[in-house]
Amino acid sequence: MPKRNLKFTDRWMFNRVLCEKEVCRKVLRAALGIEVGEIAYLNAEQAKEPAAASRGVRMDVFAREGSRVFDIEMQVSPEDRIGRRMRYYQAAIDATELGPGEDYELLPESFVVFFCTADPFRAGSAVYSIERTCLEAPGVDAGDDSHWRVFNASAAEDVADPDLRDLLHYVATGRPDGALSREIDSFVEEYNRDREWVTKVLTYEQDTEMRCRRAEARGIEQGMDRLGALVGLLLDAGRLDDARRISEDAAYRDEMLAEFGLKVSE
């Protein structure tokens with residue numbers, strides 16, 4: 001059986017490659033158009049140890065440069081609520097960057113960056129730059145110094161900048177065609193030769209998937225138990241119409257579960 005290799009789009013490989021500071025600087029330059037100096041990683045321990053805990057929220061790459069912080073994420077599976085994820089990550093950054101009683105001026109400029117293999121907004125753009133603006137006065141600058149960028153790799157060919165186009169094309173296809181993608185791919189090949197690390201990653205992913213399946217199975221079993229109990233209570237109460245209706249109407253079923261104290265609080 002051939003050995004399974006990790007791709008750049010695998011979060012663990014993405015994390016480890018971007019822990020190469022020069023690569024990270026080039027990725028940020030291509031994505032954000034800014035020059036980045038010396039980088040300090042705030043969650044680098046998870047690059048080599050997939051099971052290592054990070055700062056509350058498991059960010060792919062969380063780095064600091066001077067008075068700026070960067071959260072860089074790889075998104076492979078479809079994501080319909082990416083805006084809420086960015087909001088959550090932004091809140092996590094702000095909460096950890098400001099101590100009790102410290103002035104808001106001490107908050108660093110922050111960038112939340114998502115590289116997506118598909119278009120999360122389904123609007124056809126290759127780049128989505130999301131900034132806080134005032135609807136009544138669009139020229140007003142909120143001055144919060146937070147920036148969200150989402151890159152849709154499936155529209156790489158629409159990007160004018162050659163380095164960003166090369167990067168997104170590599171994310172979409174795995175083919176290294178330009179200087180930046182070839183440099184990234186060389187590290188991908190190098191780290192795939194570290195079979196001990198690859199095995200750790202694959203074992204962690206398999207264990208995580210198994211735990212999720214067990215939790216899902218328990219949830220289904222508990223849901224069936226609650227449904228069975230609800231049907232019994234409705235039948236005992238002579239509410240035959242309600243017992244029939246809950247099999248077809250999910251919202252009404254939730255109402256009945258709540259009425260009989262069987263609904264699990266979220």
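Solvent-accessible surface of protein heavy atoms, probed at 1.4 angstrom with all chains present, puts Glu205, Glu97 in the order Glu205, Glu97, largest first. Over the chain, DSSP H runs of length four or greater, each weighted -39,500 (n - 2.57), average out per residue to a 222 nm ellipticity of -15000 deg cm²/dmol.
Please report, in debye to the nearest 20, how large the charge dipole of segment 55-132 is about its Cα centre when each Lys and Arg carries +1 at its beta carbon and each Asp and Glu carries -1 there. All intermediate terms of the calculation are to be shown ahead of the outcome.
Working: 10 positive and 14 negative charges, 72 e Å.
Magnitude of the dipole: close to 340 debye.
Per residue, the chain exposes 58 Å² of accessible surface when a 1.4 Å probe is rolled over the protein heavy atoms with every protein chain present. The residues Glu248, Glu157, sorted by heavy-atom accessible surface at 1.4 Å with ligands and nucleic acids left out, run Glu248, Glu157 from largest to smallest. Placing pseudo-labels 7 Å out from each Cα toward the beta carbon at Glu105 and Ala118 gives an inter-label distance of 4.7 nm. Among the protein heavy atoms of the chain, carbon and sulfur supply 51% of the accessible surface, probe 1.4 Å, non-protein parts ignored. For the chain, the tally of Lys pairs with Cα-Cα distances below 23 Å comes to 9, considering only residues 8 or more apart or on different chains. Loop-located GluC sites (Glu not before Pro) in segment 105-139 (DSSP state other than H, G, I, E, B) with a sparse environment of at most 12 neighbouring Cβ atoms within 10 Å: Glu131, Glu136. Over all Cα atoms in the chain, the spread is summed up by Rg and Dmax: 23.4, 74 Å.
Length gained on full extension, Ala251 to Glu196: 14.9 nm, using 0.36 nm per residue less the C-alpha separation. Counting only Cβ charges, +1 for Lys and Arg and -1 for Asp and Glu, the dipole size of the chain around its Cα centre is about 1020 debye. Ordering of 234-242, 110-118, 175-183 by packing is 110-118, 175-183, 234-242, highest average first (other Cβ atoms within 10 Å, averaged per residue).
The values are calculated or read from the model by the stated rules, or taken from the named source; none is laboratory data. Since the structure is predicted, the reported quantities are computational estimates derived from the model, not experimental observations. All Cβ positions, glycine included, derive from the backbone under ideal geometry; neighbour counts span all protein chains shown. Ligands, DNA and RNA are stripped out before the accessible areas are found, and what is left, the full protein with its side chains, is counted by its heavy atoms. Shrake-Rupley method; radii C 1.70, N 1.55, O 1.52, S 1.80 Å.
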